[in-house]
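All remarks here apply to the structure that follows.
Just so you know, all these numbers are worked out from the coordinates, no wet-lab data involved. For clarity, every value in this text was computed on a predicted model and none was experimentally measured. Positions of Cβ are generated from backbone atoms using ideal geometry, with glycine treated the same way; all protein chains shown enter the neighbour counts.
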Amino acid sequence: MDKLITYIDQIISLSETEKDLIRATFNQKSLKAKELWMKEGAICHQIAFISSGRFRAYYTTGSGKEVTIYFGEEGSFISSYTSFLTQTPSLECVEAINASELLIINKKSLEDLCIIVPKIHILFRIIAENLFINLEKRTRNLLNQKAEERYEKMMKENPEIILNVPLQYTASFLGITPQHLSRLRKNIK
């Protein structure tokens, strides 16, 4: 819980009473490697802070191919955001890549917390803004950069993903096959 409080306190200053309210509102959940936290087709009623571990969000194409759309790292929030905001069925799954710990808040509790601690709105606005920026960058990169450029950028900006995430997930995120990613890795080394 301390990681969550530290994260929030860096964005908005919290009183001890506010910290206690946050501690009382979030619930801890452990997940095993490859365990789904969110299933495609379910309505997402929660948002979670990753206190340890790593996650990926992905969807499955009509042909059964999994396409990774983003990674959630320790010290960040994760959800099926569109489903969470609109309360419609999720278009993606959210899966633990390795054994992980989440701190979870449901939509109603978050809304109640925002009434009691209004500045929490600022925190979640910043989270939403960062999500939008990251998705916009990803879309622009997929449309405007060659696979080699996308891989080099990921190595520079997110080397922990390259080092700690299975090859097929990284390849899917980059919009290439695992075989193509293997060739890129050989050529760049």
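Brief remarks on what is shown
- Summing Cβ point charges (Lys, Arg +1; Asp, Glu -1) relative to the Cα centre of segment 145-189 gives a dipole of roughly 200 debye.
- Calculated from backbone phi, Karplus (6.51, -1.76, 1.60) coupling profile of segment 153-167 in Hz, x at Gly/Pro: 5, 5, 4, 6, 8, 9, x, 5, 5, 4, 7, 10, 10, x, 3
- For segment 96-102, putting each phi into the Karplus relation 6.51 cos²θ - 1.76 cosθ + 1.60 with θ = phi - 60° gives couplings of 6, 7, 9, 3, 9, 10, 10 Hz, in residue order, rounded to whole numbers and with x for Gly and Pro.
- When +1 charges are put on Lys and Arg Cβ atoms and -1 charges on Asp and Glu Cβ atoms, the dipole computed for the chain relative to its Cα centre reaches about 760 debye.
- For the pair residue 153 and residue 167 in one chain, pulling the backbone fully straight at 0.36 nm per residue adds 3.4 nm over the alpha carbon distance.
- Using equal-weight Cα scatterers in the Debye expression, the normalised intensity of the chain in log10 at q = 0.09, 0.18 Å⁻¹ is -0.36, -1.27.
- Likely footprinting exposure, 124, 71, fewest C-beta neighbours within 10 Å first: 124, 71
- Sequence of 93, 114, 44 once ranked by neighbouring C-beta atoms within 10 Å, starting from the fewest: 114, 93, 44
- Per-residue packing, averaged as other Cβ atoms within 10 Å, sorts the ranges 53-59, 17-23 into the order 53-59, 17-23, beginning with the highest.
- Only alpha carbons enter this Debye calculation for segment 10-106, each as an equal point scatterer, and the log10 of I(q)/I(0) it gives at q = 0.16, 0.20 Å⁻¹ is -0.68, -0.99.
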